[in-house]
Each structure stands twice: as C-alpha cells, then as structure tokens.
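The values are calculated or read from the model by the stated rules, or taken from the named source; none is laboratory data. This one's a predicted model, so the numbers in the text were calculated from it and none came from an experiment. No Cβ is skipped: glycine too gets one built from the backbone with ideal geometry, and neighbour counts run over all protein chains shown. The area values use the complete protein model at the heavy-atom level, side chains included, leaving out ligands, DNA and RNA. Shrake-Rupley method; radii C 1.70, N 1.55, O 1.52, S 1.80 Å.
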Amino acid sequence: MTVSIIIPTLNEADGLPVTLRRVQSQPGPKEILVVDGGSTDRTLSVAREAGVRTLRAPRGRAVQMNRGAAHGSGSAFLFLHADTLLPPTGLATVRRTLADADAGIFRLRFTRETPLLRLYGWATSLDWIRLAFGDRGLFTTRSAFEAVGGYPDWPIFEDLEMADRLDRHGSFDFVDSAVRTSPRRFERNGPVRQQLRNAYLWLHYCLRTEPESVAHLYDDG
C-alpha cells in the first residue's frame, strides 16, 4: 500500500526538517507532498532540499490538504501537521490499520510536556470521534476520502468534521501508538489560556456553530 503523506505548511522552515526525516526513515512505498499556503520563509526550499514534492495552494489547511490529495498517487492518505512527528513504526501502523478499516487516527503526545499537556494527551486515549483533532495524524483510504468528498472548505473545524464524516461512512480505528506534536501554541499563548480557547471552540463545533463566525478566535500563529 503506497501512502501519500500530505503536509500543509505555512512558515514551517524551522520544524519541517525533523518531521520530514522521521517520515523518510520509514520503510514501504510512500510519497511526501508538502502543500504550502503562502510561506514567506524558507519552507519550500527546505522541502525541496529534502527531496520531497511541493505544491502551492491558497492558505487554509482544508484547501491545502485537499490539494495534496488531488495530486497524491497513493491508495492511502496520511495528513500530518508540519510540527508533528510520526512514531517510528507509524507508516506500518497506517498500512496495517487500513487493511481492515476505512480510516484511523493516532493518539497524541507532546515533544515537551507539562502536567496539563499530559492530561490533554491522555484524553486522546478515549476512543471518541469528537476528539479526533487534526494534529493527531488522520489517515484514510483514498476511496473513503473521495466518498465523503474530502475536507470541508471550512476555516476551522475541518479536522473534526472530516473525522466525523469518515466515522459515519465506514470503519474508523483509534490506534494505540501516538504521534508527538509541538506544544508551541500552548507555550506562546499560555497553557491554561490556550486550553480554555480550545475547549470554547470545540464546544462551538459540537453545537454546530457556523465555522466562519468563530474562526477569528483561532490563533494560527
């Protein structure tokens, strides 16, 4: 099973190299597509120097990830944030899971942890689709992705909605291994403040608030 790893980027030159090395070190057929949303730093140069394919798209994770999927050749897609590291056997886990399921997602840990962040990570051990955030490394078969129409063109909540649609479409698996992501948003905004903001926005998604009306509250850095 060839896996297309799709990485949306926006000014990720500093953290992208280690993410790419982790993916490139894993065996099996794969392709990596970095889909840039208008970086003003060396993100695209870093990706090209690493030997991966680069694409451009309008800014917005949903648009960028859909662009990557449209150009990917794999029978499976893994959507990975630029500051998120796969576990050492991550691609093997994706292939093994998709042999029996339509989609799945990893658990989450942070590269630098505090008690609050460990609690946040622990919550991802709950097999609940409402906690299937994009930084957890969502993966799916091409056929399931196309059946649900790809990511909704929303400015926020596109990750939760995509996971929900895949879950309703077919079998969705929560795997035991975890990706590790940067806590930079928590460190920049303050862990308590950021978690309260996350919870507030998450509640709006559960209440089906129009994404455009609350997107301004999400600080993309």
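Miscellaneous remarks
- Each Cα pair under 8 Å and six or more residues apart adds its separation to the average, and for the range 1-106 the resulting relative contact order is 38 percent.
- Put the Cα centre of the range 156-190 next to the Cα centre of the range 48-95 and the gap is 14 Å.
- Computed from backbone phi with θ = phi - 60° and the Karplus coefficients 6.51, -1.76 and 1.60, the 3J(HN,Hα) list for the range 105-112 is 7, 7, 7, 10, 9, 10, 6, 9 Hz; x is used for glycine and proline.
- Residue-by-residue Karplus 3J(HN,Hα) for the range 31-40, coefficients 6.51, -1.76, 1.60, Hz, glycine and proline x: 9, 10, 10, 8, 10, 9, x, x, 4, 10
- Database remark: amide H of Glu31 closer than 5 angstrom to the amide H of Val3, Ser4, Ile5 (H placed geometrically; neighbours at sequence offset of 5 or more, or on other chains; Pro and chain starts carry no H).
- Where Leu80, Leu116, Leu203 fall by accessible area, highest first, once all protein chains stay in place (1.4 Å): Leu203, Leu116, Leu80
- Residues whose amide H comes within less than 5 Å of that of Thr124, counting only those at least five positions distant or on another chain, are Leu108 (H built at 1.01 Å from N in the peptide plane).
- Under Karplus coefficients 6.51, -1.76 and 1.60, residue-wise ³J(HN,Hα) of the range 178-190 in Hz, glycine/proline x: 10, 7, 10, 10, 6, x, 4, 5, 5, 6, 6, 9, x
- The heavy atoms of Glu161 offer some 10 square angstrom of accessible surface to a 1.4 angstrom probe.
- In the context of the full protein assembly, Tyr200 retains an accessible surface of approximately 120 Å², using a probe radius of 1.4 Å and ignoring ligands and nucleic acids.
- Take every DSSP beta bridge whose two residues both sit in the range 1-147; close to 30 percent of them are antiparallel.
- Overall, the accessible surface of the range 115-212 at a probe of 1.4 angstrom is composed of carbon and sulfur to the extent of 56 percent.
- For a label point 7 Å along the Cα-to-beta-carbon line of Trp202, residues of the range 100-130 with backbone N under 13 Å: 108, 117-130
- Solvent exposure of the range 157-221 amounts to 54 Å² per residue of accessible area, where only protein heavy atoms count and the probe is 1.4 Å.
- Label-point separation, Glu212 to Thr40 (7 Å along Cα→Cβ), nm: 2.6
- The H on the amide N of Thr9, modeled in the peptide plane, is under 5 Å from the matching H of Val35, Asp36, Gly37, each at least 5 residues off or on a different chain.
- For the chain, relative contact order (Cα pairs under 8 Å, six or more residues apart, normalised by length) works out to 21 percent.
- Helical runs (DSSP H, four residues minimum) scored at -39500 (n - 2.57) apiece and divided by the length of the chain put the mean residue ellipticity at 222 nm at -11500 deg cm²/dmol.
- Rounded to the nearest 0.05, the FRET efficiency derived from the C-beta distance between Asn189 and Ser75 at R0 = 35 Å is 0.35.
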